[in-house]
1. Rank VAL62, ALA31, ALA80 by how far each Cα sits towards the positive end of the charge dipole of segment 31-96 (+1 on Lys, Arg Cβ; -1 on Asp, Glu Cβ) and give me just the farthest.
2. What full-extension length gain, to one decimal in nm, is calculated for ILE86 and GLN199 as 0.36 nm per residue of separation minus the Cα-Cα distance?
3. Once label points are set 7 Å from the Cα along Cα→Cβ at both ASP215 and ILE79, what is their separation, rounded to one decimal in nm?
4. Let a ≥ b ≥ c be the square roots of the eigenvalues of the Cα gyration tensor of segment 31-155; is it rounded (a/c under 1.5), or, if not, prolate (a/b larger than b/c) or oblate?
5. Given Cβ point charges of +1 (Lys, Arg) and -1 (Asp, Glu) and nothing else, what value in debye, to the nearest 20, does the dipole of the chain about its Cα centre take?
6. Do you know the relative contact order of the chain, to the nearest whole percent, from alpha carbon pairs under 8 angstrom that are 6+ apart?
7. Report the label-to-label distance for ILE242 and SER72 in nanometres (one decimal), using points 7 Å from each Cα along the Cα→Cβ vector.
8. Highest mean first, what order results for 221-229, 173-181 on Cβ atoms within 10 Å?
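Please treat every number below as a calculation from the coordinates, not as lab data. Just so you know, these numbers come straight off a predicted model, no measurement behind them. Methodologically, a virtual Cβ is constructed for each residue, glycine included, from the backbone with ideal geometry; neighbour enumeration extends over all protein chains shown.
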Amino acid sequence: MSTNLSPAFVELFEAEVHQAYQASATLRGVARMRNGVIGDTVKFPKVGKGQASIRTPQTDVVPINASFSQVSVSLTDYIAAEYSDIFNQAKINFDERQELAQVVGNAIGRREDQVILDALEAATAGSTVAKTVVTSGSAANSNLNVGKIIAAKKALDAKNVPPSDRHFIIHANNLAGLLGDERAVSGDYQTLQALVGGQINTMMGFQFHVIGDRDEGGLVVSSTDRTTFAFHKSAIGCAVGIAPKTEVNYVPEKTSFLVSAMLSMGAGVIDADGLVDVTCDE
């Protein structure tokens, strides 16, 4: 760090990047977290289930033989950085510096989201909802609708997934389709007025997260089919070695300050029974 860089400038830049980063990470809090990881691999344990048996006096207790397994998650290092030339810096105003902070912070925030999305995409879900599921009438290829949400809820309920901490990640195009379903927006069916704000935050126990088009990949679409994800928080494991942080360092060789945001993180599906792939035809 350059001794010519005033402490006030460092603190201001740090605060700006942190705030911008917070605003860009859409999926924070949707998964089971392991912070402060040392090393490049974390193992998330999974305990199976069993049945209670009838107790017969003076006989050996019969164990339920619960299975134990683990899911390994590998951490990957990420960085988003930009140089700020000291000669150009003398010519920029506060707004330009804030813009640079947003670029760096937003990039690392989107990457944090993408780590989770990639883990969901790579997993084999315990249940699926076909693109032909509709709210009412004959089956037909369709975008996201109340019928698909009901089917996702039914799949999780059938596998005894807890009703709390359920999440649903969709694309902006899927939200548009859902807003076209009368049962999602009509006061006759919903207490929330979705059309007023043009968004749906919660429905049928799911908290919705809307992702737009992203250079990092976002929600993958194949032709007109896009897979969205309904899942329970404990079904996904995230391991963080280096939590998102920012640094401002002077690089003499470039007569510039390097503004960088970094992250070391990995994610994986721990229990596929808590994940439902919902295919939507856009």
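1. So the residue furthest toward the plus end is VAL62.
2. The span from ILE86 to GLN199 would gain 36.3 nm if fully extended.
3. Placing both labels 7 Å beyond Cα along the Cβ direction yields 1.8 nm.
4. It comes out oblate by the Cα gyration axes.
5. Roughly 1140 debye for the chain.
6. Relative CO of the chain lands at 31 percent.
7. Computed distance between label sites ILE242 and SER72 equals 2.3 nm.
8. The densest-packed peptide leads the list: 173-181, 221-229.
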